[in-house]
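Participant: So that we are looking at the same thing, I have put the structure below in structure tokens.
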Amino acid sequence: MQSQSIRIIGAVAALFASLPFWAGAHATPAQPKNSPAGQMPFGLYTVINLGPEPTAAVLNERGQAAFTSFPDRVSRFFDGDRLWPIGSLGGGATSVAGINDRGVVVGASATAAEAGDQAYAWTLAGGIRALPGALPSFAIDINERGEIVGGVASSDWADRAVRWNPDGGVTLLGPLLHVYSAGIAINNRGYATGYATDGSTPLHATFWDRAGVQTDLSPSATGSGVGQRINERNELAGVINDRPFDPWKGLFWSPATGTVRIDAGADFRLGDLNNRGEVVGSGWTGDTLKAIRWAPGHGVTRLAVESGVNSHALDINERGEIAGWTQRSTSEGNISRAVLWPSSTAMAVDLTTRLYRAPAGLVLQEALALNDNGTILARSNAGLVMLRPGLRGTDAPVLGPIVGLPVTVEAGQDLASTLNFVDNGWIQTHKASVDWGDGCASPAPTLTEFGGSGQVRLQHRFCATGYYSIKVLVTDSGGRATELQRDVFVEQPGLATLSGSGALSGGAASAGTRHQHAPLRFALWTPLDGAAAGAGVATGAPMVSFSGPFNFRGEAVTRATSTSENRARVEGTGRLDGRAGYHFVLEAVDGGAGGDRLRIRVTHVDAATGAEVVDYDNGATQPTVGADRTVVTDGRLTLRR
């Protein structure tokens, strides 16, 4: 028997289905027929908007979250009910990397200095606190004791693995002669994993005990490796290969088993490791990326999905539930869906179909994180959202995507779009405001609503070309507000430009990458060949930004040219992880239906020798099998001539 609130929803929905903003807003999956009377409908989630497109998002067991939005690199903390700004250490940009169950957030923040980002720890009560050490520095993980691992700069532009202790002290991880190392994960016993090299070998996966004594886990002196997860049994997971730039294999290590290879297909991508020793991720089988679960003594299980789709598992909790995504290629591009595998033998469940009172048009694209209570962080067409099991979220309005607004529009074009919302306060009223980002005048938004559901209507005409971030704010009569952010490219006929946003295939492209398979998100817009907008239309400033394994923000475009009908080359300068003095080169291919490609090369000049040092290049070498790392897998590039 369904609860009274669900019967009311059905009755009101039927009565007012003709309202234009109502369709789908209160759609609730049918309760299984064998559900015991009086129980909550099985497998339903309430949506909570958190923020725009994230480059990083972390979740703890209390249902708190921290995340960094893209491309502005603004970070926020969600305490289970409200959002709070994390702020910065003076440079205006901050990235999150880890969170513990006490709500302590760690990461790296830009400073006012030219030396780069600085590691920090943040709490709601105490704010942001810089961690000691030379710059640049970064914190990646924190345990329940308040011990933090990451890296600090050494004298040769490299990183040195460290553990920051609760008493303010710093423990060096590994021997003193390291050239490059970083701590990536730490358990509650103070044991850690990451990577290290003394310069005579590639990066090797490592295990550090509480005293910082190091164990090398890579089975081959000529191969690379990275430890990425560690559980409470001192088991760890990561990736290894036999030679640099060979496809990755999965790595599992424990004191009892030693190093074990996980052969889950070519170019293995790690998702997570739980305390039962279960590893999830994916590997390529032929031309299909397949999500897997691996367990000691059981080997690899390929997770069930529909035929012909790519899949990846990102997280697994202690109940064996697995979160991830599927992706299907169509003539109109790739279509991604956030999914949950209830177990390693169950078919993937499309989480978009399990939403309670979701606003019309909301689609979940990727399940990023999952805790033991079943709370999920997911990427959607309305930005980052939290899925809370059950029928109750927060008292703030829940917003869907902006509908009817293309990714690319023309300056002077009359635009009309809508945004649907729901609210658990059925008798509350709402108001809406919008900032289009270009400074051009536009009519105020209009709003219609009834019974906790409504629609905002938007109109605008952009008067300047460029890349803009639209912000819509919906506020209820109780004072709770939710903001939705959406980016748009504004073009003008005849103006030669390169524009685009999305993600690349992933995978390490340089020896120093801290997160080997973090997707690299990008956003860029620039005129080509010295072009400028026509009369009456302003030309926006060029913008180049990418984030994932690292953060890069362009400061100046020095040259931007179209090299052929569908190719362009862009050069300029910018900051890598907050540090000035870097040069970038982008080589873009607008492949149309054949697929877009973006090669990104970031370099700096060694101050001592004057030689060029390559910091990142996703096109220098490609795996013999697996994904081409220059391929745009989400989003697209557009070259206008």
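Participant: Could you tell me which of the residues Asn275, Asn231 is open to solvent by less than 10 Å² (accessible area, probe 1.4 Å) and of a type outside the set (Phe, Trp, Tyr)? Lay out the reasoning, then the answer.
Facilitator: Working: Asn275 fails: open to solvent by less than 10 Å² (accessible area, probe 1.4 Å).
Among Asn275, Asn231, only Asn231 is open to solvent by less than 10 Å² (accessible area, probe 1.4 Å) and of a type outside the set (Phe, Trp, Tyr).
Participant: Return the residue satisfying two criteria in turn: it lies in the range 575-589 and is small (Gly, Ala, Ser) and part of a strand (DSSP E or B), and of such residues it is modelled with the highest pLDDT. Explain how you work it out, then say what you get.
Facilitator: Initially, the range 575-589 is screened for residues small (Gly, Ala, Ser), giving 578, 580-581, 588.
Adding the requirement that they be part of a strand (DSSP E or B) leaves 580-581, 588.
On the way: Ala580: 89, Gly581: 92, Ala588: 95.
Only one residue tops the list, namely Ala588.
Participant: Restrict the check to the range 554-574 and report whether at least one residue is part of a loop (DSSP other than H, G, I, E, B), under 27 Å from the mean Cα position of the chain (by Cα) and at pLDDT below 95.
Facilitator: Our first condition is that a residue be part of a loop (DSSP other than H, G, I, E, B); within the range 554-574, this holds for 565-566.
Keeping just the survivors that are under 27 Å from the mean Cα position of the chain (by Cα) gives none.
No, the range 554-574 contains no residue that is part of a loop (DSSP other than H, G, I, E, B), under 27 Å from the mean Cα position of the chain (by Cα) and at pLDDT below 95.
Participant: Quick one: in the range 379-405, of everything that is open to solvent by 40 Å² or more (accessible area, probe 1.4 Å), touching a residue at least 24 places away in the same chain (Cβ under 8 Å) and assigned to a loop (DSSP other than H, G, I, E, B), which residue is nearest to Phe450 (Cα to Cα)? Quick ask: steps written out before the conclusion?
Facilitator: Step one: list which residues in the range 379-405 are open to solvent by 40 Å² or more (accessible area, probe 1.4 Å), which gives 381, 388-389, 391-392, 395, 403-404.
Restricting the remaining residues to those that are touching a residue at least 24 places away in the same chain (Cβ under 8 Å) gives 388-389, 391-392, 395, 403.
From what's left, assigned to a loop (DSSP other than H, G, I, E, B): 391-392, 395.
Numbers: Leu391: 20, Arg392: 19, Asp395: 17 Å.
The extreme case among them is Asp395.
Participant: Say we look at the range 242-254 and pick out the residues that are over 22 Å from Ser311 (Cβ atoms) and modelled with pLDDT of 95 or more; which of these is most open to solvent (accessible area, probe 1.4 Å)?
Facilitator: Taking the range 242-254 and keeping what is over 22 Å from Ser311 (Cβ atoms), we get 242-246, 253-254.
Filter once more, keeping what is modelled with pLDDT of 95 or more: 253-254.
Working: Trp253: 30, Ser254: 8 Å².
The qualifying residue most open to solvent (accessible area, probe 1.4 Å) is Trp253.
Participant: Restricting attention to the range 300-335, which residues are open to solvent by 20 Å² or more (accessible area, probe 1.4 Å), touching a residue at least 40 places away in the same chain (Cβ under 8 Å), among the polar types (S, T, N, Q) and touching a strand residue (DSSP E or B) at 6+ places or on another chain (Cβ under 9 Å)?
Facilitator: Scanning the range 300-335 gives Thr301, Gln327, Asn334.
Participant: Does Arg357 satisfy the condition of being open to solvent by 10 Å² or more (accessible area, probe 1.4 Å), touching a Leu at 6+ places or on another chain (Cβ under 9 Å) and on the phi > 0 side of the Ramachandran plot? Write out each step before concluding.
Facilitator: Details: open to solvent by 10 Å² or more (accessible area, probe 1.4 Å): yes; touching a Leu at 6+ places or on another chain (Cβ under 9 Å): yes; on the phi > 0 side of the Ramachandran plot: yes.
In short, yes.
Participant: Out of everything in the range 569-607 that is among the basic types (Lys, Arg) and more than 14 Å from Ala523 (Cα to Cα), what residue ends up being least open to solvent (accessible area, probe 1.4 Å)? Step through it out loud before you land on a result.
Facilitator: Initial filter on the range 569-607 (among the basic types (Lys, Arg)): 569, 575, 579, 597, 599, 601.
So of that shortlist, the ones also more than 14 Å from Ala523 (Cα to Cα) come out as 569, 575, 579, 601.
On the way: Arg569: 81, Arg575: 62, Arg579: 42, Arg601: 72 Å².
Here the residue is Arg579.
Participant: Another question about this same structure. Within the set of pairs 6+ apart or on separate chains, which have a first residue in the range 119-142 that is within 14 Å of Gly168 (Cα to Cα), a second that is of a type outside the set (A, V, I, L, M) and open to solvent by 20 Å² or more (accessible area, probe 1.4 Å), and C-beta atoms under 7 Å apart?
Facilitator: Ala119/Gly133; Tyr120/Arg129; Ala121/Arg129; Ala130/Gln118
Participant: Applying the selection to the range 433-465, what residues are in a strand (DSSP E or B), of a type in the set (Gly, Ala, Ser) and either in contact with a helix residue (DSSP H, G or I) (Cβ under 6 Å, 6 or more places away or on another chain) or open to solvent by 50 Å² or more (accessible area, probe 1.4 Å) (or both)? So that I can check it myself, show each step before the final result.
Facilitator: Within the range 433-465, the subset in a strand (DSSP E or B) is 433-435, 446-450, 453-460, 464-465.
Checking which are of a type in the set (Gly, Ala, Ser) leaves us with 433, 453-454, 464.
Listed by number, the list holds a single entry, Ser433.
Participant: List the strands (runs of 3 or more DSSP E) inside the range 113-160, counting only whole elements, that have at least 2 residues being out of contact with any Asp or Glu (no Cβ under 8 Å at 6 or more places or on another chain).
Facilitator: Because the criterion is at least 2 residues that are out of contact with any Asp or Glu (no Cβ under 8 Å at 6 or more places or on another chain), the strands (runs of 3 or more DSSP E) in the range 113-160 that meet it are 118-123, 127-130, 137-142.
Participant: For the range 590-613, name all the residues that are modelled with pLDDT of 90 or more and in contact with a Lys or Arg (Cβ under 8 Å, 6 or more places away or on another chain). Step through it out loud before you land on a result.
Facilitator: Our first condition is that a residue be modelled with pLDDT of 90 or more; within the range 590-613, this holds for 590, 596-605, 609-613.
Correct list: Asp590, Asp596.
Participant: Confirm whether Thr446 is among the hydroxyl-bearing types (Ser, Thr, Tyr) and under 17 Å from Val398 (Cβ atoms).
Facilitator: On the way: among the hydroxyl-bearing types (Ser, Thr, Tyr): yes; under 17 Å from Val398 (Cβ atoms): no.
It is false that Thr446 is among the hydroxyl-bearing types (Ser, Thr, Tyr) and under 17 Å from Val398 (Cβ atoms).
Participant: Looking at the range 520-553, which of its residues are part of a strand (DSSP E or B) and either among the charged types (D, E, K, R) or open to solvent by 30 Å² or more (accessible area, probe 1.4 Å) (or both)? Quick ask: steps written out before the conclusion?
Facilitator: Kept after step one, since they are part of a strand (DSSP E or B), are these residues of the range 520-553: 521-527, 538-539, 543-547, 551-553.
Passing the criteria: Arg521, Ala538, Thr539, Arg553.
Participant: How many of the residues in the range 126-166 are more than 27 Å from the chain's Cα centre (by Cα) and either closer than 20 Å to Gly103 by Cβ or open to solvent by less than 10 Å² (accessible area, probe 1.4 Å) (or both)?
Facilitator: 2
Participant: To continue, here is another question. Can you tell me which of (1) touching a Pro at 6+ places or on another chain (Cβ under 6 Å); (2) in contact (Cβ under 8 Å) with a residue 24 or more places away in the chain is the one Asp435 doesn't meet?
Facilitator: Of everything listed in (1) touching a Pro at 6+ places or on another chain (Cβ under 6 Å); (2) in contact (Cβ under 8 Å) with a residue 24 or more places away in the chain, Asp435 misses just condition (1).
Participant: What's the total number of residues in the range 466-501 that are over 30 Å from Arg82 (Cα atoms) and open to solvent by less than 30 Å² (accessible area, probe 1.4 Å)? Even if it seems obvious, please write down each step before you answer.
Facilitator: Of the residues in the range 466-501, the ones over 30 Å from Arg82 (Cα atoms) are 466, 489-500.
Filter again for open to solvent by less than 30 Å² (accessible area, probe 1.4 Å), leaving 466, 489-491, 495-500.
Looking only at that region, the number is 10.
Participant: If the requirement is being under 28 Å from Asp634 (Cα atoms), modelled with pLDDT under 95 and open to solvent by 10 Å² or more (accessible area, probe 1.4 Å), which of these qualifies: Thr46, Thr55?
Facilitator: Values: Thr46 fails: modelled with pLDDT under 95.
Result of the check over Thr46, Thr55: Thr55.
Participant: Check whether at least one residue in the range 314-328 is under 26 Å from Leu217 (Cβ atoms) and touching a Phe, Trp or Tyr at 6+ places or on another chain (Cβ under 7 Å), and report yes or no. Full working, then the answer.
Facilitator: Going residue by residue through the range 314-328, those that are under 26 Å from Leu217 (Cβ atoms) are 314-318, 320, 322, 324.
Filter again for touching a Phe, Trp or Tyr at 6+ places or on another chain (Cβ under 7 Å), leaving 322.
Yes, the range 314-328 has at least one match.
Participant: Please enumerate the residues belonging to the range 297-326 that are in a strand (DSSP E or B), of a type outside the set (D, E, K, R) and farther than 18 Å from Gly265 by Cα. Lay out the reasoning, then the answer.
Facilitator: Narrowing the range 297-326 to residues in a strand (DSSP E or B): 299-302, 304, 310-316, 322-326.
Checking the rest, the ones that are also of a type outside the set (D, E, K, R) come to 299-301, 304, 310-314, 316, 322-326.
Within the range 297-326, Ile316, Ile322, Ala323 qualify.
Participant: Look at the range 193-228 and say how many of its residues are assigned to a loop (DSSP other than H, G, I, E, B) and either within 20 Å of Asn165 (Cβ to Cβ) or in contact (Cβ under 8 Å) with a residue 60 or more places away in the chain (or both). Can you show your working first?
Facilitator: So in the range 193-228, the residues assigned to a loop (DSSP other than H, G, I, E, B) come out as 198-203, 209-213, 217-224.
Filter again for either within 20 Å of Asn165 (Cβ to Cβ) or in contact (Cβ under 8 Å) with a residue 60 or more places away in the chain (or both), leaving 202-203, 209-213, 224.
Going through the range 193-228 one residue at a time, the tally reaches 8.
Participant: Return the pairs, sorted by first residue and then second, in which the second residue is outside any strand (DSSP E or B) and open to solvent by less than 40 Å² (accessible area, probe 1.4 Å), the first residue lies in the range 69-89 and is at positive phi, the beta carbons are less than 6 Å apart, and the residues are 6+ apart or on different chains.
Facilitator: As it stands, the answer is Gly80/Gly63; Gly80/Gln64, since those pairs meet every condition given.
Participant: For the range 76-112, enumerate the residues that are open to solvent by less than 10 Å² (accessible area, probe 1.4 Å), under 21 Å from Val149 (Cα atoms) and not aliphatic (A, V, I, L, M).
Facilitator: The answer is Phe77, Thr94, Gly98, Asn100, Gly103, Gly107, Ser109.
The values are calculated or read from the model by the stated rules, or taken from the named source; none is laboratory data. These numbers come from a predicted model, not from an experiment. For neighbour counting, all protein chains shown are included, and Cβ atoms are generated from backbone atoms with ideal geometry for every residue, glycine included. These accessible areas exclude ligands, DNA and RNA; they are computed on the full protein's heavy atoms, side chains included. Shrake-Rupley method; radii C 1.70, N 1.55, O 1.52, S 1.80 Å.
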